[in-house]
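Single-structure report; data block below.
The values are calculated or read from the model by the stated rules, or taken from the named source; none is laboratory data. Given the structure is predicted, the values throughout are model-derived calculations rather than measurements. Here the Cβ positions follow ideal geometry from the backbone for every residue, glycine too, while neighbour counts run over all protein chains shown.
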């Protein structure tokens with residue numbers, strides 16, 4: 001079977017993996033249009049490409065894969081009605097996003113001389129990312145409060161708090177819901193000024209979900225007025241041209257790269273390629289399901305136990321300050337912000353998940369080693 005495959009050229013590993021099952025044409029995500037996909041059998045995109053009737057109406061595409069967890073850019077109803085199979089990659093980048101949050105918490109703690117582990121964290125949205133973050137924070141002996149209405153109904157309210165209660169009780173808010181426009185649990189504008197006004201003095205907010213889940217202008221106002229004492233933004237309402245006021249008021253600002261570890265990106269592509277193989281009845285081979293080449297663990301070491309130790313440890317694995325500096329520099333050219341945003345993501349440095357680092361040089365209790373997801377060279 002000869003398949004024609006169009007992939008977003010900014011998705012790492014996609015060409016290598018999909019070239020084993022067909023002829024791959026790479027197109028930048030923001031340039032994928034009806035003409036690009038007219039003769040394609042498979043389309044592989046990121047969140048930047050809107051997939052709907054306008055794009056696919058004249059194509060023969062029968063399989064769409066998105067190397068993302070979110071699906072707000074996909075008209076799933078249209079695909080289903082046309083018999084086009086869709087696959088995405090929920091959970092592929094979960095560890096990477098959790099590690100971004102830990103990195104942000106470490107940086108904020110060091111800059112403010114506070115230990116985030118002594119604070120209460122509220123996690124809004126407890127799916128693949130939020131549930132993992134809750135586990136890590138619990139291992140760090142933080143008090144964790146979770147908000148997830150669909151899970152609360154399915155599992156019982158006892159394990160979850162409503163949003164007003166969470167906002168009132170927590171020192172840190174971390175947002176991890178998908179962006180949905182309608183339904184009982186629509187999340188667009190989920191967190192707005194009314195919610196932010198309930199926050200405790202000195203609260204921090206970290207937003208790595210989707211632009212639009214939080215009302216951005218309200219986040220900016222809350223930071224300006226001191227309702228928030230720290231704001232971390234990785235997602236933006238107007239991607240790929242984020243609002244400069246929001247960038248300037250954020251304590252840490254990055255360009256939608258929380259889930260952008262090397263391992264997460266490859267895992268996402270593998271997940272959708274395996275679904276494509278199943279869809280077309282192609283027998284999987286070892287080369288199609290392996291997760292990269294075996295590499296030795298990298299070492300990290302730290303000798304201090306003061307509130308800055310998390311920052312000193314995590315910076316050896318992910319330097320969120322560097323990500324912030326490069327993003328702010330890229331956004332300075334206001335006439336080319338869209339191109340600069342794409343370039344920032346396309347040229348993001350190779351970052352490995354924390355499990356690629358060993359703990360042998362650390363004098364930390366095993367529980368803390370596990371909380372950071374580190375491995376031991378001896379095991």
Among the residues of the stretch 260-275, is any at pLDDT 95 or above, more than 22 Å from residue 86 (Cβ to Cβ) and touching a helix residue (DSSP H, G or I) at 6+ places or on another chain (Cβ under 9 Å)? no
Name the one entry in 343, 359, 322 that is at pLDDT below 90 and either in contact with a helix residue (DSSP H, G or I) (Cβ under 8 Å, 6 or more places away or on another chain) or not assigned by TED's automatic domain parsing to the domain that holds residue 11 (or both). 359
Output yes when any residue across the stretch 149-170 is surrounded by 20 or more Cβ atoms within 10 Å (Cβ to Cβ) and either closer than 30 Å to residue 262 by Cβ or in the same structural domain as residue 365 (by TED's automatic domain parsing) (or both), and no when none is. no
Residue check, residue 121 against (1) in contact with a helix residue (DSSP H, G or I) (Cβ under 6 Å, 6 or more places away or on another chain); (2) assigned to a helix (DSSP H, G or I), all met but one. Which one? (2)
For a quick check of your reading: which helices (runs of 4 or more DSSP H) sit entirely within the stretch 24-117 and have at least 2 residues that are in contact (Cβ under 8 Å) with a residue 24 or more places away in the chain and crowded, with 22+ Cβ neighbours inside 10 Å? 94-112
Could you please give the count of residues in the stretch 1-23 that are over 24 Å from the mean Cα position of the chain (by Cα) and either closer than 22 Å to residue 70 by Cβ or not in a loop (DSSP other than H, G, I, E, B) (or both)? 3
Only one residue in 179, 198, 219, 166 is within 23 Å of the chain's Cα centre (by Cα) and assigned to a loop (DSSP other than H, G, I, E, B). Which one? 179
Residues that are farther than 19 Å from residue 273 by Cβ and in contact with a strand residue (DSSP E or B) (Cβ under 8 Å, 6 or more places away or on another chain), drawn from the stretch 81-100: none
